[in-house]
């Protein structure tokens, strides 16, 4: 394995793949950070909106945040469910 790495390091033919692979590491990390940030932002926005509502109107509130990246945009979707008590007269 060590010999293969030395041979790859010293080889000057087609020397584009190695620097490209090294440069790809931070790019992949940035995309992952954007998605994680979108999930956190979606949860925070939902929590801020629901905090303004009258408490006690629901039970067992749960939320799921989905983040998609498309055409340079990050889109967060929040789906939630809750038990709402109802009374009939």
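Quick one: is residue 65 at pLDDT 75 or above and either surrounded by 10 or more Cβ atoms within 10 Å (Cβ to Cβ) or out of contact with any strand residue (DSSP E or B) (no Cβ under 7 Å at 6 or more places or on another chain) (or both)? Give the derivation first.
Numbers: at pLDDT 75 or above: yes; either surrounded by 10 or more Cβ atoms within 10 Å (Cβ to Cβ) or out of contact with any strand residue (DSSP E or B) (no Cβ under 7 Å at 6 or more places or on another chain) (or both): yes.
So residue 65 passes the test.
Regarding region 29-39, can at least one residue be identified that is under 18 Å from residue 81 (Cα atoms) and either modelled with pLDDT of 75 or more or touching a strand residue (DSSP E or B) at 6+ places or on another chain (Cβ under 8 Å) (or both)? Full working, then the answer.
The initial filter retains those residues of region 29-39 that are under 18 Å from residue 81 (Cα atoms), namely 39.
The next check asks that each one be either modelled with pLDDT of 75 or more or touching a strand residue (DSSP E or B) at 6+ places or on another chain (Cβ under 8 Å) (or both); those that pass are 39.
For region 29-39, residues under 18 Å from residue 81 (Cα atoms) and either modelled with pLDDT of 75 or more or touching a strand residue (DSSP E or B) at 6+ places or on another chain (Cβ under 8 Å) (or both): present.
(1) assigned to a helix (DSSP H, G or I); (2) exposed (fewer than 11 other Cβ atoms within 10 Å of the Cβ); (3) at pLDDT below 75: which one isn't true of residue 55, the others all being true?
Single failed check for residue 55: (1).
The values are calculated or read from the model by the stated rules, or taken from the named source; none is laboratory data. Everything quoted here is computed from the prediction, not taken from an experiment. Neighbour counts are summed over all protein chains in view; Cβ atoms, including those assigned to glycine, are modelled from backbone coordinates with ideal geometry.
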